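The values are calculated or read from the model by the stated rules, or taken from the named source; none is laboratory data. Since this is a predicted model, take the numbers as computed values, not measurements. Here the Cβ positions follow ideal geometry from the backbone for every residue, glycine too, while neighbour counts run over all protein chains shown. We work out accessible area using only protein heavy atoms, side chains counted, and drop any ligands, DNA or RNA first. Shrake-Rupley method; radii C 1.70, N 1.55, O 1.52, S 1.80 Å.
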Amino acid sequence: MLRRLYDWTMSLASGRHAPAALGAVSFAESSFFPIPPDILLIPMVIARRSKAFAYATLCTVTSVLGGAAGYAIGAFLFLQVAEPILAFYGYLDKFETFRGNFNDYGAWIVFIAGVTPFPYKVITIASGATGLSLPVFMVASVLARGLRFFAVAGLLYLFGPPIRTFIEQRLGLMFTIFVIGLVGGFALLRFL
């Protein structure tokens, strides 16, 4: 079953609608969606290595635009939209403490969240809710998201065939590692 799912994902990743799906997921993940765009970016780059940097650019642009939407949610819809999203991720209780220190280190917080598995949407919403300077937010977002997506695409571009072979030969192990990482990321978020 896992092999069929992998083959389906690879065929989807090389399909004509894959870039639109990648852009949509990347945008949504930066403001409200829990699934990172890497789930599509990685198989898309493996399927079409020659488009690695175009896909990284698409991910970066749509992620930063999604981050701006998250910022707007925090700035204009905090009570109606942001509080329930932060509560869903278990972050609402700590938000008041976080708000006090956020603007002092806001650019670094946005940058670190943008390159790590930490849910970037929490930071985009917090940036708007705390009134972090929009230009500071945008510059940190472009640098962080660009670094993240271009690093992934670049590594896959450079080492594509061996990585694809490695993944295909160890599909069960890779799936297990992914699930552990995903669950661990959400568990870590609960303790932060």
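Things worth noting here:
- Spin-label zone in the range 49-63 - amide nitrogen under 15 Å from a point set 7 Å from the Cα of L158 along the C-beta vector: 53
- Shape category assigned to the range 27-138 from the gyration tensor of Cα positions, a/c cut at 1.5: prolate
- Take every Cα pair under 8 Å whose residues are at least 6 apart in sequence, average their separation, divide by the length of the range 42-175, and the relative contact order is 40 percent.
- The length gained on full extension between F88 and V139, counted as 0.36 nm times the residue separation minus their Cα-Cα distance, comes to 15.6 nm.
- As a fraction of the 1.4 Å probe accessible area of the range 24-173, surface on carbon and sulfur atoms comes out at 72 percent.
- Estimated inter-spin distance, L77 and S50, nm [label 7 Å along Cα→Cβ]: 4.1
- The range 62-128 shape via C-alpha gyration tensor axes, a/c threshold 1.5: rounded
- Cα shape, the range 93-141, gyration tensor, a/c 1.5 rule: oblate
- Quotient of the Cα radius of gyration of the range 85-166 and 2.2 N^0.38 Å, N being its number of residues: 1.33.
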